[in-house]
Amino acid sequence: MQESDLSMKEIDDLGYYDFMSQLGVPYFHVGGLTSTKRLAELCQVNKDSKVIVVGCGTGFSACFVAQSFGCSVVGVDIAEVSIRKAKERAKAADLMDKVEFRIGDAYDLPFEPDTFDVVITEFVSQFLDTNRAFREFVRVLKPGGMVGINEMYRDANIPPAAEEEIMEAERIFGEITQLPFSLPSPENWEQWLQKAGLSDIHVYKNKVSVSEKDLKLMSRSMGGFGKFARLFMSLMIGMTRYTLSSKKIRSRFRQLSKGKRILIRNRSTSKYVGYVLGVGRKV
Ligand SMILES: C[S@@+](CC[C@H](N)C(=O)[O-])C[C@H]1O[C@@H](n2cnc3c(N)ncnc32)[C@H](O)[C@@H]1O
């Protein structure tokens, strides 16, 4: 494992996403790069597109989109460590001419109106006030440009026992991320895209699953199986080290694992949960 550039006390004080980025977690959305690729295709990304990835985390998807489609990409995130890691990633992948990363807030993007062809968020809008955020996404989009969202959902009208458990998972994720977190239904996502004034709206429901295809895509985009395996080992070592060193981090991992069990692993609840790929065009 790489020696950390921060002290244990500094690591202990990091917010959830900065901590996970420091640990080396490449990305957080459950559909993996397969979902990112599909979303970029739905947004009609091509080599001439100017794309912004809002809430880009450590820049894994932003670099992947630039590499796969040959377009230019700007990644923006509010978490400082994540942006530092994203810049390191772009440099290591020799993508500095295609990809740029900046600290910034989804509610107040540091760009002029009508700047981008495509705005993408993955597992970010679910933490935001979509009215405010989508209005801001539309502002920075050129007319005719596309918004693409890759975000979690839960079905409406589910049995009370499952609903209660999912609410517990929402509470857990809200607590560990310190961000408001509740899962909308696919219909909610569609309504919010409509409310933002977008047209040609399509929302596709997907279930969470890790396919062999996705693992291959991930390993390829990391530079091969050797690097993928090394990252996995480094994550295991980092998690063990931080878990042993800090009560706060231990409790965070325990909570995270409970939340994931409810939303992703337990069939009785996870069958009502998935992710949507949603798109809409600025008129
Ligand atoms: C679940 S992570 C997803 C990261 C990345 N999109 C991915 O799929 O791996 C949520 C990200 O949203 C960022 N975020 C939360 N609120 C934000 C805001 N107001 N503006 C910009 N980024 C924000 C967090 O810092 C974090 O990196």
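Are any of the residues in the stretch 62-73 surrounded by 24 or more Cβ atoms within 10 Å (Cβ to Cβ), of a type in the set (Val, Ile, Thr) and more than 12 Å from the ligand (Cβ to nearest atom)?
yes
Among what's in the stretch 74-109 and is acidic (Asp, Glu) and in a helix (DSSP H, G or I), pick the residue that is nearest to the ligand (Cβ to nearest atom).
Glu80
Only residues that are of a type in the set (Val, Ile, Thr) and surrounded by 15 or more Cβ atoms within 10 Å (Cβ to Cβ): list them for the stretch 233-251, please.
The answer is Thr243, Ile249.
Is at least one residue of the stretch 50-59 over 21 Å from Phe134 (Cβ atoms), surrounded by fewer than 24 Cβ atoms within 10 Å (Cβ to Cβ) and near the ligand (Cβ under 8 Å from one of its atoms)?
no
Within the stretch 127-154, track down each residue that is away from the ligand (no atom under 11 Å from the Cβ) and either assigned to a helix (DSSP H, G or I) or without any contact (Cβ under 8 Å) to a residue 24 or more places away in the chain (or both).
Thr130, Asn131, Phe134, Arg135, Phe137, Val138, Arg139, Val140
Out of Gly280, Gly197, Gly274, I need the residue that is among the small types (Gly, Ala, Ser), modelled with pLDDT of 95 or more and either within 30 Å of Ala161 (Cβ to Cβ) or touching an Asp or Glu at 6+ places or on another chain (Cβ under 6 Å) (or both). Which one?
The match here is Gly274.
Residues of the stretch 1-23 being surrounded by fewer than 18 Cβ atoms within 10 Å (Cβ to Cβ), within 13 Å of the ligand (Cβ to nearest atom) and over 14 Å from the mean Cα position of the chain (by Cα), which ones?
Gly15
Could you run through the stretch 116-126 and say how many residues are touching a Gly at 6+ places or on another chain (Cβ under 9 Å) and either over 16 Å from Met146 (Cβ atoms) or away from the ligand (no atom under 16 Å from the Cβ) (or both)?
Of the residues in the stretch 116-126, 3 are touching a Gly at 6+ places or on another chain (Cβ under 9 Å) and either over 16 Å from Met146 (Cβ atoms) or away from the ligand (no atom under 16 Å from the Cβ) (or both).
Can you tell me which residues in the stretch 46-89 are of a type outside the set (D, E, K, R) and touching a Gly at 6+ places or on another chain (Cβ under 6 Å)?
At the first step, the residues of the stretch 46-89 found to be of a type outside the set (D, E, K, R) are 46, 49, 51-76, 78-79, 81-83, 86.
Those that are of a type outside the set (D, E, K, R) and touching a Gly at 6+ places or on another chain (Cβ under 6 Å): Val53, Cys56, Gly59, Ala62, Gly75, Val76, Ser82, Ala86.
Identify, by number, the condition in (1) touching a residue at least 12 places away in the same chain (Cβ under 8 Å); (2) surrounded by fewer than 13 Cβ atoms within 10 Å (Cβ to Cβ) that Trp189 doesn't meet.
Checking Trp189 against (1) touching a residue at least 12 places away in the same chain (Cβ under 8 Å); (2) surrounded by fewer than 13 Cβ atoms within 10 Å (Cβ to Cβ), the one that fails is (2).
Among the residues of the stretch 25-55, which ones are more than 14 Å from the chain's Cα centre (by Cα) and either in a loop (DSSP other than H, G, I, E, B) or not aliphatic (A, V, I, L, M) (or both)?
Arg38, Glu41, Cys43, Gln44, Val45, Asn46, Lys47, Asp48, Ser49, Lys50
The values are calculated or read from the model by the stated rules, or taken from the named source; none is laboratory data. No experiment lies behind these values; they were computed from the predicted model shown. Don't worry about glycine lacking a Cβ; one is built from the backbone with ideal geometry, like all the others, and counts go over all protein chains shown.
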